[in-house]
Amino acid sequence: MIAFDAHVLQWTLDDAPPNEYTRHHIKEASFFGVDRWSVDLVLEGTAPLVINFVGIDEAVMWPGKKAAAETRGARSDHEMMALFKRLDGWLTRETHGRVDVMLLATVGGVVTV
């Protein structure tokens, strides 16, 4: 997901952009083997564009991928799933089962272009 503030005049998305300066959120969900996507933008003005981004590692989601993690062995994503398993157990004990946990391995940041 990316988010940015701009007056977008044109873009390569299905719908036309709003005709104003506003906050935009673009979400993309790829599938196995696809590790990039693109969008072309025409912006009003020449100011630098600040883009906030967040990505999710699809293989490291608790509890959705816990069965798959158990079959993968000693990989770094398996280590993260082992941490999620311990955290889920701790939360269950501490909250007496009142929390329905969903844990994700993510990366995020801000870039200026």
How high is the FRET efficiency between M102 and E28 when r is their beta carbon distance and R₀ equals 25 Å, given to the nearest 0.05? 0.80
If you take the C-alpha gyration tensor of region 2-112, multiply each eigenvalue by 5 and take the square root, what semi-axes do you get, largest first, in whole Å? 37, 17, 12
For region 2-112, build the charge dipole from Cβ charges (+1 Lys, Arg; -1 Asp, Glu) around the Cα centre, then report which of F84, M61, L104 sits farthest towards its positive end. F84
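Taking the mean number of other Cβ atoms within 10 Å as a proxy for protection, how do you rank 23-35, 50-62 from highest to lowest? Intermediate values should be presented prior to the final figure.
Details: 23-35: 9.6, 50-62: 15.8.
Listed from highest to lowest mean packing, they are 50-62, 23-35.
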Partners for K85 among aspartates and glutamates (Cα-Cα distance below 17 Å; same-chain residues under 8 apart left out): D57, E58, E70, D77, E94, D100
Does anyone have the angle between helix 76-95 and the longest principal axis of the chain? Alpha-carbon axes, 0 to 90°, nearest 10? 70
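Given 0.36 nm per residue, what is the gain on full extension from A68 to S38 after removing their alpha carbon distance, in nm?
Working: separation 30, 0.36 × 30 = 10.80 nm, distance 2.95 nm.
Full extension from A68 to S38 adds 7.8 nm.
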What nm distance separates the two modelled labels at M1 and V111, each placed 7 Å from Cα along Cα→Cβ? 1.9
Among D88, D100, which comes first, then next, by fewest other beta-carbon atoms within 10 Å? D100, D88
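Read-outs throughout are calculated quantities, based only on the coordinates presented, and are distinct from any laboratory measurement. In this text the structure is predicted, and so the values were computed from the model without any measurement. We place every Cβ from the backbone using ideal geometry, glycine too, and count neighbours over all the protein chains shown.
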